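Encoded as structure tokens, the structure appears first; notes follow it.
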């Protein structure tokens, strides 16, 4: 059984123990809707996106535990509702997509039982993105709104399939400190990535060098 099997259509949910099939035709995906304001959307995790951004690694989080935030020591992302660590796919989350639509077909994921989520960033970033897949095996619309304070920087709406259909929601070119995700069903996210504004990157390098020098002199 493969995601390209056209003879059957799959029903159920990504947290189900087994996949279910029905002899139905796959619905055609809806077109992406993008509101171009002060930043540019990134539709797929291409080489440039992966090379220029930093991923917050969640592979070390405890399986099935719930988390209010994730961090790599530089950026902390705080969630409005706790997310459950599942995976790597297909462990407790059945499907994901594959490149070029996603970074990896078997990521660790964070599951939201709600249909909305707010992510507060501990500092402004110039690029922010994450992959998302619905829980139900269906075509469901999600909108990610990227904010700086109360100002909407960019809005991206994508129709995403819950069966091997994960897609990237990401923007670049603006300052972002908050992201609001809304959609038609529960979902999981993975591969949370960011890039600091250039001035903050240089400041981080300088602080790191100062810390190293201080340790050497001790």
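The values are calculated or read from the model by the stated rules, or taken from the named source; none is laboratory data. Not measured: the values here are computed from a predicted model. Here the Cβ is made from the backbone with ideal geometry for all residues, glycine too, and neighbour counts use every protein chain on show.
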Given (1) touching a residue at least 60 places away in the same chain (Cβ under 8 Å); (2) closer than 26 Å to residue 86 by Cβ; (3) surrounded by fewer than 24 Cβ atoms within 10 Å (Cβ to Cβ), index of the condition residue 153 fails: (2)
Single match in 163, 147 (criterion: buried (at least 19 other Cβ atoms within 10 Å of the Cβ), over 25 Å from residue 68 (Cα atoms) and in contact (Cβ under 8 Å) with a residue 12 or more places away in the chain): 163
Every pair of residues 6+ apart whose Cβ atoms lie under 8 Å, when the first sits in region 179-194 and is crowded, with 22+ Cβ neighbours inside 10 Å while the second is at pLDDT below 95: 188/14
